[in-house]
Each structure stands twice: as structure tokens, then as C-alpha cells.
Amino acid sequence: MNVPEALTASYHRTEWGRAWLAALPDQTAAFLNRWELRPDGPVASGMASLVLPVVRADGTPAVLKLQPVTDDNAAAPIGLRTWDGDGAVRLLADEPGAMLLERLDASRPLSSVADDVVALRILADLLARLVAVPAPPGVRRLTDIAAALLDQAPSAVPALRSEADRDLVRTCASAVAEVADDAGDRLLHWDLHYDNVLAGDREPWLAIDPEPLAGDPGFDLLPALDNRWDAVVATGDVPRAVLRRFDLLTDVLALDRDRAAAWTLGRVLQNSLWDVEDGETALNPVQTAIATALLDRT
């Protein structure tokens, strides 16, 4: 089996990553045998996982997904079992680092829908279904993440070159502090953008690749706001386009807009702290534009 180049590029830099890549062909063969699967198409991958179309012993098409277990994806099977196919891809079997999933149409992501309003409403409807479910035990909690963000923000501020960026980080942290005492208990997807929604047979569209989190649904909006950013820029009025997306999402999910804005600023803060950790000295302009649009309204 040839390991896709994109996957090799993601994991070859670390010793554990190279070890996982080296074991991948044997690991794939072991799961094919254990779950009585027959390959049914070429190996594919994203940046983080190997995906192999397969057929089960009873003739059902499925997908074998292999990925190193990380903090982000460790609870994915828990989330998928909890949703049980309601708005999300159905989990058929799993072991640490491996999932057997319902086969969807990878050639038809939601990003293939040209009309941005139509695509966003589809995503919003799916997200509303997903966050309607209480989070089960075993997933990370937004309460803990918010506390960590507030702890880390002060030390990150000096790394930013401009005072405007430093002020924005402080403002985002203040917004999080105002809502952190009530971080919510819904089951969040945490990465629902157009390319994480695929066409299916059982339902027209289903979510994939969750990174489950227990928290407030407002923390789940940012991927849909900065998704397909060229469509936002093409409107000629970025703040208005951001708020139009935000309003559609909060309407469909029936969220309090002030709280949703605060948690969205928390997500901007999280992304900004990750960037600083990676050595960046300026905030991402897309994140800045979204935060500014929300702050200007409030």
C-alpha cells in the first residue's frame, strides 16, 4: 500500500509520526482482516487520516479510517455513537485509532454547493441537530478549555507586534471571562465547515470528522463563519457578510446572540493563541475581521 504524500508530509517530522506511518500498511491489513473487509477503491487521505473505501462481508459499502489518537480526535467514536447517525456519519465499528464508517460521497462535499446561503443553511440545520444532544461522559469540556485560554492569554499578548492585536486578544479574553461560568453541556462538533459535510444516500448531507466537546453551541460557529472566506470578501462588505452568516446561524440554532458572540470571540482567542504558540507575531486577518464585525455590533 502506498501511503499518500499528504499524510506522509503531516507525520514525517516526528519520531512517533514516522513510526505510525511505518506501521500503517500492516495496521490497515490487520483491520481489513479483523473486520472482514474488502478494499473497494484507491486509498485516500486528508492531512491527518488515511481513508480506504471498503465492502463489508454482507456487501455493505463502508469506509475504513485510520488516524493516530490525539486529544482532538480521541472522543470521535463517543460523539458518533451518541449521535447514532442523526445528522452525522454512522459509526459501524471502532478501536483506538481506527473507525469503520458509513460510506458517504467524498466527491460531493457541501463546498460543492455554489450558493453560499443555501450551503450555510444546510450546515446550520445540521449543526442545530448535533448540538441538541447533551454531551455524554468522556468528552472534553469547554469549561476546562475556557479556563486554559484565560490563563494563557496574558503571556501571549507581548508576542504580538501591534497594539491593535494586543488589544483584540485582551478584548476576546474579557468576553470569554464574562461567560465562562456557564460553558454549557451540549455535544459540539467543533470543526463543522463545508468540507466536513458530505452527501449521502441515507440523508442528503451528513457531518463527518467531529472533535467532540461538551459546551455552549456558540463555540461551534466560527468554522462556518470563516469557511469559504472568498465568498465573504466577494460581497464587498466583509462586516455585513460576517454578520449575515452569524445571524443565520444563531437564528437556526435559536441562540442568544450576545452569548454566541462571546463564545465566538473565545474561538478567535483560541486560534490566536495557537498562532502565537507557532511563532506568529500578528493575528490572522480573517480572525480579526470576524472579531471586529461582532465587536462593532455590540
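The values are calculated or read from the model by the stated rules, or taken from the named source; none is laboratory data. Worth saying up front: this structure is predicted, and the values here are computed from it rather than measured. Heads up, the Cβs are rebuilt from the backbone with ideal geometry, glycines too, and the neighbour counts pull from every protein chain shown.
Quick check on my filter: what residues within segment 49-68 are surrounded by fewer than 16 Cβ atoms within 10 Å (Cβ to Cβ) and within 19 Å of Asn196 (Cα to Cα)?
Residues of segment 49-68 that are surrounded by fewer than 16 Cβ atoms within 10 Å (Cβ to Cβ), as a first pass: 57-61.
Selection gives nothing.
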Any chance Val55 is in contact with a strand residue (DSSP E or B) (Cβ under 9 Å, 6 or more places away or on another chain), aliphatic (A, V, I, L, M) and without any contact (Cβ under 8 Å) to a residue 24 or more places away in the chain: yes
Of all residues in segment 107-121, count the ones that are surrounded by fewer than 17 Cβ atoms within 10 Å (Cβ to Cβ) and in a helix (DSSP H, G or I). 5
Being surrounded by 15 or more Cβ atoms within 10 Å (Cβ to Cβ) and at pLDDT 95 or above narrows Arg103, Arg161 down to just Arg103
For segment 1-87, which fully contained helices (runs of 4 or more DSSP H) count at least 2 residues that are at pLDDT 95 or above and under 27 Å from Pro109 (Cα atoms)? 15-34, 76-83
Any residue that is of a type in the set (D, E, K, R), in a helix (DSSP H, G or I) and more than 20 Å from Asn284 (Cα to Cα) - is there at least one of those in segment 237-246? yes
Give the residue, chosen from Leu269, Leu265, Leu255, that is part of a helix (DSSP H, G or I), among the aliphatic types (A, V, I, L, M), over 10 Å from Leu222 (Cβ atoms) and in the same structural domain as Ser162 (by TED's automatic domain parsing). Leu269
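Rundown of residues vs (1) in contact with a strand residue (DSSP E or B) (Cβ under 9 Å, 6 or more places away or on another chain); (2) more than 28 Å from Asp226 (Cα to Cα); (3) touching a residue at least 24 places away in the same chain (Cβ under 8 Å), yes/no style:
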{"site": "Glu36", "(1), (2), (3)": "no, yes, no"}
{"site": "Leu64", "(1), (2), (3)": "yes, yes, yes"}
{"site": "Leu92", "(1), (2), (3)": "yes, yes, yes"}
{"site": "Met99", "(1), (2), (3)": "yes, yes, yes"}
{"site": "Asp105", "(1), (2), (3)": "yes, no, yes"}
{"site": "Ala114", "(1), (2), (3)": "no, no, no"}
{"site": "Ala119", "(1), (2), (3)": "yes, no, yes"}
{"site": "Ile122", "(1), (2), (3)": "yes, no, yes"}
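Yes or no: Arg257 surrounded by fewer than 24 Cβ atoms within 10 Å (Cβ to Cβ) and touching an Asp or Glu at 6+ places or on another chain (Cβ under 9 Å)? Spell out the reasoning first.
Details: surrounded by fewer than 24 Cβ atoms within 10 Å (Cβ to Cβ): yes; touching an Asp or Glu at 6+ places or on another chain (Cβ under 9 Å): yes.
So Arg257 passes the test.
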Is it the case that segment 85-98 has a residue that's of a type in the set (A, V, I, L, M, F, W, C) and surrounded by fewer than 16 Cβ atoms within 10 Å (Cβ to Cβ)? no
What strands (runs of 3 or more DSSP E), lying completely within segment 167-217, carry at least 1 residues that are within 30 Å of Thr281 (Cβ to Cβ) and in contact (Cβ under 8 Å) with a residue 60 or more places away in the chain? 213-215
